[in-house]
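Have a look at the structure below before the remarks.
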Amino acid sequence: MCTVTLSSQGAARPLVRLSGVSARIVTLLAVASFINYVDRGSLATAAPLVRDEFALSNTQLGLLLSAFFWSYAPGQLPAGWLAERLDARRVLACGLVIWGAATALAGMATGFVTLLALRILLGCGESVMFPASFKILACEATEGQRGRANGLLALGTNLGSAFGTVIGALLMARLGWRVVFIAAGCASLLWLWPWSRTLRSPAARRSRAAAGGPSMRALLRRRELWGCCAGAFCGAYALYLVMTWLPLYLVKARGFSMAQMAPIGGTIYALAALAAVFTGWLSDRWLARGASINAVRKTALLAGFGGLTVCLGLCAVSGHLGSLLAMAGCGACLGVKAAGVYSCVQTLGGPTASARWMGVQNTCANMAGITAPLITGVVVDRTGSFTAAFAIAAALAAIGIVAFGWIVRRIEPVDWYATQPARPIALATSAA
């Protein structure tokens, strides 16, 4: 049930109290995140084949891998605004149509320029995924559910990467990358059928009832937002280094075949998925035992970033076997970190600001999607190895510890109405 209380200034102040988000919604959001990462990671999996077919340099390939983020990163801002102002569920559905079509069309690309343009279109469609999803969960999930809900969302992203790496690579080796791209894009659109049945539910109306909230100026004045942005960028740099260059790293730098690379890459992503689910479950259990939100969220964040710093550093200096073990550790730490970051946004932003908060934060974070693939390509071309690339990522992970440990003083719900003038907010009430 969505209830309304009054602030001391007399302004309507929404406190969304729900019995809880439905398992159906969480499952479908997890499936959407799975599809999202299968489609965005398809080019990284196909990188050895695409590079050979189009005779690309590492720098050109890095440009292609980063092109997705040219539209994905800035697209977060309008996506967050749309998810706050319109029905977040419909916004998500429209985005999936765009990114599914872009993936299928990429299988018909005739050259570098065409593929570049379709990667940019893919970024436009996928930019709605997290602002819209976070709006839905911020409105419908209780604080004690967010660990598990966001753990499952992170499970979807990592299983998507694992599936794309393992199954995608095996299929590409047998059928060719073009057939796999077309099939993946068309299959993505099947998700729309079960999702369409949720658009008229009472929970969807409750989500729309939580519109309004702080001004953009009030949002941008929060120290916590900029600490989250800095930390998210540092974590995303490590993620996108692994996601975009892992297949080529294993094939070219470590000498594995495409068929051998697939299970190794899939294992790394599977570890991230398991770590995210376990972290989410443990967070909810810890909260239920009376721990503070701040302690629970920061523990997950600092553990994830601390582990990333160590494992990325080991990747830079270890030998053949050591680097594989360190990559496995990176996968687990990425899962721990992701569960903390996702829940952190919804806690701080709340039902009325999570979509825009995530829009700003993900814009900053995904600048790493532009820089990490490109910088890595340039570094590898100039040095002939991945050592310096991993060292850069390790240094940024250490900065992430500072961002979430010090710049973000406390992770707890922000009282937006204590920091801006009162204004009337129209809310609809409905029984659960």
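Structural remarks
- Residue 273 vs. criteria modelled with pLDDT of 90 or more and touching a helix residue (DSSP H, G or I) at 6+ places or on another chain (Cβ under 6 Å): no
- Residue count, segment 169-179 (criterion: at pLDDT 85 or above and of a type in the set (Gly, Ala, Ser)): 1
- Output for segment 204-244, where each listed residue is modelled with pLDDT under 80 and under 20 Å from residue 325 (Cα atoms): 243, 244
- The criterion of being within 23 Å of residue 40 (Cα to Cα) and touching an Asp or Glu at 6+ places or on another chain (Cβ under 7 Å) holds for residue 355.
- Hey, residue 303 closer than 15 Å to residue 332 by Cα, crowded, with 21+ Cβ neighbours inside 10 Å, hydrophobic (A, V, I, L, M, F, W, C) and out of contact with any Asp or Glu (no Cβ under 9 Å at 6 or more places or on another chain) or not: no
- Qualifying residue in segment 268-282 (condition: β-branched (Val, Ile, Thr) and within 29 Å of residue 387 (Cβ to Cβ)): yes
- Taking every residue in segment 222-238 that is farther than 13 Å from residue 409 by Cβ and pairing it with any residue that is among the charged types (D, E, K, R) and part of a helix (DSSP H, G or I), at least 6 positions away or on another chain, the pairs with Cβ-Cβ distances below 7 Å are 235/337.
- Failed criterion for residue 152 (all others in (1) within 24 Å of residue 272 (Cβ to Cβ); (2) modelled with pLDDT under 90; (3) over 15 Å from the mean Cα position of the chain (by Cα) hold): (3)
- Any chance residue 291 is without any contact (Cβ under 8 Å) to a residue 60 or more places away in the chain, part of a helix (DSSP H, G or I), surrounded by fewer than 20 Cβ atoms within 10 Å (Cβ to Cβ) and of a type outside the set (S, T, N, Q): no
- Meets criteria (touching a residue at least 12 places away in the same chain (Cβ under 8 Å), of a type in the set (Lys, Arg) and either surrounded by 24 or more Cβ atoms within 10 Å (Cβ to Cβ) or under 23 Å from residue 49 (Cα atoms) (or both)) for residue 146: yes
- Residue selection: residue 86 satisfies the criterion of being surrounded by fewer than 19 Cβ atoms within 10 Å (Cβ to Cβ), over 20 Å from the mean Cα position of the chain (by Cα) and either within 16 Å of residue 125 (Cα to Cα) or not acidic (Asp, Glu) (or both).
- Only listed residue being under 19 Å from the mean Cα position of the chain (by Cα) and surrounded by fewer than 21 Cβ atoms within 10 Å (Cβ to Cβ), chosen from 358, 367: 367
- Restricting attention to segment 154-181, the residues that are crowded, with 20+ Cβ neighbours inside 10 Å and free of Cβ contacts under 8 Å to residues at least 60 places away in the same chain total 0.
- Within segment 130-141, residues that are over 15 Å from residue 348 (Cα atoms) reach no partner that is of a type in the set (Lys, Arg) and surrounded by 24 or more Cβ atoms within 10 Å (Cβ to Cβ) with beta carbons closer than 6 Å at six or more positions or on different chains.
- Residue match in segment 376-389 (condition: buried (at least 24 other Cβ atoms within 10 Å of the Cβ), out of contact with any Pro (no Cβ under 6 Å at 6 or more places or on another chain) and of a type in the set (Gly, Ala, Ser)): yes
- If the condition is being over 19 Å from residue 69 (Cα atoms) and not in a helix (DSSP H, G or I), then segment 363-416 contributes 384, 385, 386, 408, 409, 410, 411, 412, 413, 414, 415.
- Pair list, Cβ < 7 Å and 6+ apart or interchain, from segment 65-83 residues that are farther than 21 Å from residue 246 by Cα to residues that are of a type in the set (S, T, N, Q) and in a helix (DSSP H, G or I): 73/363; 74/363; 76/362; 76/363; 77/363
- With respect to being modelled with pLDDT under 85, out of contact with any Asp or Glu (no Cβ under 6 Å at 6 or more places or on another chain) and buried (at least 24 other Cβ atoms within 10 Å of the Cβ), residue 61 fits the description.
- When residues in segment 324-339 are screened for being touching a residue at least 24 places away in the same chain (Cβ under 8 Å) and surrounded by fewer than 22 Cβ atoms within 10 Å (Cβ to Cβ), 2 of them pass.
The values are calculated or read from the model by the stated rules, or taken from the named source; none is laboratory data. Owing to the predicted nature of the structure, the values given are computational and were not obtained by experimental measurement. In this analysis, Cβ positions are derived from the backbone assuming ideal geometry, glycine residues included, and neighbour counts consider all displayed protein chains.
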